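Structure, as structure tokens:
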Amino acid sequence: MIGRTYHEMTLTYTTNEDVPFDTCNEWLSRVFAKAMLFDEELKKKHKETGFKLTVYDLPRPLEPSKIYYSGRAYVVRLRSFDLRFLLGVRSALMNEDCGMKVLSVHITPKPYNYITELTTLTPVVCTISKGRYWVNDDGIIVLRDRIFSNACKKAKAIFKDFEEPAENFIEGIIQLNKVPISMKYKNTKLLGAKLRLLVKVDKRSQMLAYTIMGAGMLEKNSIGFGFCIAK
């Protein structure tokens, strides 16, 4: 059931294989997808189209070699507005056939706090056309407007009383990377950008910022893109 408050699951785990940094999104998505197959309700959810309203970051700590090593413990955070989803994944991941050994797991609610800035820890992906993703030449305004439109659609799925504001909730947008960030996924490469957004103070702008915190910024959040921290 979709709630108005998102929860965060902090997962400490080891694995029996080395995972390169640039394939970790794909590896984690396989682990979580396999876990969903051990739960009948989650299995149905996995096949559904539309917004998943969930997002995860990359494991910590990041090794200097950019490889997550077999046998070492790492921590990853998974957020969702669907608490039932997190509880189901927590239970299913206890089956080591999923691909990881869980050492500890904690789920905590993340009530709204005033947000002035959003900074992405994992790249934001924006599809411009089939097989082509946003790059600097497309212009930052395109990215800003896509973020606004996408966040409004998610907010309408979460907050039944949400009304889309007439103006963009983003006061300012700063691109943090100089060249496109490339991540491998399913025999292709996704190009993304890391961003910092300055957020307006009004109620609907704050609702959109909170939506992004719990469900991710822009696209492909359920495979680990667009995970943010807030100030």
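The table that follows gives values for the structure above.
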quantity	calculated
Number of positions in the range 183-200 that are touching a strand residue (DSSP E or B) at 6+ places or on another chain (Cβ under 7 Å), touching a residue at least 24 places away in the same chain (Cβ under 8 Å) and open to solvent by 50 Å² or more (accessible area, probe 1.4 Å)	4
Residue 89 being within 14 Å of residue 227 (Cβ to Cβ) and buried (at least 17 other Cβ atoms within 10 Å of the Cβ)	no
Selected residue [in contact with a helix residue (DSSP H, G or I) (Cβ under 7 Å, 6 or more places away or on another chain) and either within 16 Å of residue 209 (Cβ to Cβ) or not acidic (Asp, Glu) (or both)] from 90, 144, 79	79
Lone qualifier among 34, 43, 52 - being part of a loop (DSSP other than H, G, I, E, B), in contact with a helix residue (DSSP H, G or I) (Cβ under 7 Å, 6 or more places away or on another chain) and at pLDDT below 95	52
Qualifying residues in the range 48-70 (those that are farther than 30 Å from residue 155 by Cα and touching a strand residue (DSSP E or B) at 6+ places or on another chain (Cβ under 6 Å)) - the one least open to solvent (accessible area, probe 1.4 Å)	68
Residue, most open to solvent (accessible area, probe 1.4 Å), within the range 157-179, restricted to residues that are in contact with a Phe, Trp or Tyr (Cβ under 8 Å, 6 or more places away or on another chain) and at pLDDT below 95	157
Inter-residue pairs, beta-carbon under 8 Å, first touching a residue at least 12 places away in the same chain (Cβ under 8 Å) and in the range 134-145, second of a type in the set (D, E, K, R) and open to solvent by 50 Å² or more (accessible area, probe 1.4 Å), 6+ apart	134/146
Residue within the range 18-33 that is under 19 Å from residue 224 (Cβ atoms) and free of Cβ contacts under 8 Å to residues at least 24 places away in the same chain present	yes
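Residues checked against (1) out of contact with any strand residue (DSSP E or B) (no Cβ under 7 Å at 6 or more places or on another chain); (2) modelled with pLDDT under 95; (3) among the hydrophobic types (A, V, I, L, M, F, W, C):
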residue: 73; (1), (2), (3): no, no, yes
residue: 76; (1), (2), (3): no, no, yes
residue: 79; (1), (2), (3): no, no, no
residue: 83; (1), (2), (3): no, yes, yes
residue: 92; (1), (2), (3): yes, yes, yes
residue: 96; (1), (2), (3): yes, yes, no
residue: 100; (1), (2), (3): no, yes, yes
residue: 104; (1), (2), (3): no, no, no
residue: 107; (1), (2), (3): no, no, yes
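The values are calculated or read from the model by the stated rules, or taken from the named source; none is laboratory data. Fair warning: this is a prediction, and the values are worked out from it, not measured in the lab. Quick reminder, even Gly has a Cβ in these numbers, built from the backbone with ideal geometry, and neighbours come from all protein chains shown. What goes into the accessible areas is simple: the full protein's heavy atoms, side chains included, and nothing from ligands, DNA or RNA. Shrake-Rupley method; radii C 1.70, N 1.55, O 1.52, S 1.80 Å.
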